[in-house]
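For reference, the structure discussed in these notes is given below.
The values are calculated or read from the model by the stated rules, or taken from the named source; none is laboratory data. All values reported here derive from a predicted model rather than from experimental measurement. Here the Cβ is made from the backbone with ideal geometry for all residues, glycine too, and neighbour counts use every protein chain on show. In case anyone asks, the SASA skips ligands and DNA or RNA and just uses the protein heavy atoms, side chains included. Shrake-Rupley method; radii C 1.70, N 1.55, O 1.52, S 1.80 Å.
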Amino acid sequence: AQTVTQSQPEMSVQEAETVTLSCTYDTSESDYYLFWYKQPPSRQMILVIRQEAYKQQNATENRFSVNFQKAAKSFSLKISDSQLGDAAMYFCAYRGTSGGGADGLTFGKGTHLIIQP
Amino acid sequence: NAGVTQTPKFQVLKTGQSMTLQCAQDMNHEYMSWYRQDPGMGLRLIHYSVGAGITDQGEVPNGYNVSRSTTEDFPLRLLSAAPSQTSVYFCASRLPGQGENTEAFFGQGTRLTVV
């Protein structure tokens with residue numbers, strides 16, 4: 001079974017600075033997808049960024065980018081120019097392609113990101 | 001677009017009571033799933049469906065039933081609620097297969113308390 005580990009329960013960063021959230025995973029599959037979801041106090045799960053394992057290029061979405069290291073099974077999220085609205089829980093998630101569980105998502109335990117004004 | 005709609009948003013049940021959490025999506029997504037989120041934990045898969053009439057168990061299925069009679073709806077039933085089922089429940093849907101535009105869309109969640 002796949003596992004996803006987020007080793008930072010909480011991170012704090014000054015507004016306008018850069019922060020990196022860590023995520024590692026364990027899998028025996030060669031093809032899969034990785035996601036970062038944001039969960040603000042409203043509880044809504046919001047997709048931040050996705051990465052296909054077969055793509056070597058790291059995904060980028062505006063101020064959000066990932067560092068995907070397939071051999072190390074590492075998938076970190078970098079947030080540049082942090083804004084107050086970035087404060088939330090961030091979840092790293094894995095989705096396989098082997099068909100079991102309709103390729104449901106396996107989540108890490110989350111990182112609580114605090115933005116200091 | 002409504003996206004994925006869950007009702008109710010909050011519910012308090014007594015131990016032993018039954019109830020159904022509703023989930024509806026208007027994106028014509030074949031894949032639908034239910035997750036629960038407990039404090040200090042990520043979301044865990046309860047049940048999923050790959051289309052009308054097809055359901056299967058996820059990681060934590062005990063105590064829950066599902067059915068899928070239409071593409072749009074995927075209700076989650078608690079037959080006899082237990083305090084251990086106190087949690088936030090999320091419904092999600094997505095297009096089948098892999099590739100672009102197959103990411104999961106989530107409802108806003110239902111906070112369930114069993115006393």
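Of all residues in segment A:1-12, none that is over 22 Å from A:A87 (Cα atoms) has its Cβ atom under 7 Å from the Cβ atom of a residue that is among the hydrophobic types (A, V, I, L, M, F, W, C), 6 or more apart or on another chain. Just one of (1) in contact (Cβ under 8 Å) with a residue 40 or more places away in the chain; (2) open to solvent by 40 Å² or more (accessible area, probe 1.4 Å); (3) of a type in the set (A, V, I, L, M) fails for B:M41. It is (1). Scanning segment B:86-113 for residues that are touching a residue at least 60 places away in the same chain (Cβ under 8 Å), part of a strand (DSSP E or B) and closer than 16 Å to B:Q11 by Cα gives B:Y89, B:F90, B:C91, B:T110, B:R111, B:L112, B:T113. Looking only at residues of segment A:21-49 that are farther than 18 Å from B:F90 by Cβ and part of a strand (DSSP E or B), we find that the one that is nearest to the other protein chains (Cβ to nearest Cβ) is A:Y33. One residue stands out among those in segment B:83-107 that are more than 16 Å from B:L45 (Cβ to Cβ) and touching a strand residue (DSSP E or B) at 6+ places or on another chain (Cβ under 6 Å): the one that is farthest from the other protein chains (Cβ to nearest Cβ), which is B:P83.
Of all residues in segment A:52-64 being away from chain B (no Cβ under 11 Å) and part of a strand (DSSP E or B), which is modelled with the highest pLDDT? Step through it out loud before you land on a result.
Within segment A:52-64, the first condition is being away from chain B (no Cβ under 11 Å), and the residues that meet it are A:55-64.
If we keep only those that are part of a strand (DSSP E or B) as well, we get A:60-61, A:64.
Values: A:T60: 92, A:E61: 91, A:F64: 97.
Applying the filter and picking the extreme gives A:F64.
Here A:G110 fulfils each of the conditions (1) farther than 17 Å from A:T27 by Cβ; (2) touching a Lys or Arg at 6+ places or on another chain (Cβ under 7 Å); (3) open to solvent by less than 20 Å² (accessible area, probe 1.4 Å); (4) within 10 Å of chain B (Cβ to nearest Cβ) apart from (2). Of the strands (runs of 3 or more DSSP E) that lie entirely inside segment B:26-77, those containing 1 or more residues that are facing chain A (nearest Cβ under 10 Å) span B:31-37, B:43-51, B:54-57.
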